[in-house]
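Each remark here refers to the structure printed beneath this line.
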Amino acid sequence: MTSDGGFVEVQGGPGEEATYTREELDAMIEAATIGISELHAFQDSVLAEAS
């Protein structure tokens, strides 16, 4: 995921052995978006301190 919210690639899932609902996928994307946003903010702060 890019810093402006674009998706580069989406992987995951149980494969052909199991499935998940659209609601579950949306929840996974939301959780990932929050975590990735936190990582971007942390990276930005570390890079700013190093400059």
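Worth a mention:
- Low-density loop cleavage sites - GluC sites (Glu not before Pro) in the chain, where at most 10 other Cβ are within 10 Å (DSSP): E9
- Once the Kirkwood radius over Cα pairs is known for the chain, the Stokes-Einstein relation at 25 °C and 0.890 mPa s delivers a diffusion coefficient of 191 µm²/s.
- Taking every DSSP helix (H) stretch of at least 4 residues in the chain, weighting each as -39,500 (n - 2.57) and dividing the sum by the residue count yields a mean residue ellipticity at 222 nm of -20500 deg cm²/dmol.
Where a number appears in this text, it was derived from the coordinates with a stated rule and is not lab data. Because the structure is predicted, anything quoted here is derived from the model rather than measured. Neighbour counts run over all protein chains shown; Cβ positions are idealised from the backbone, glycine included.
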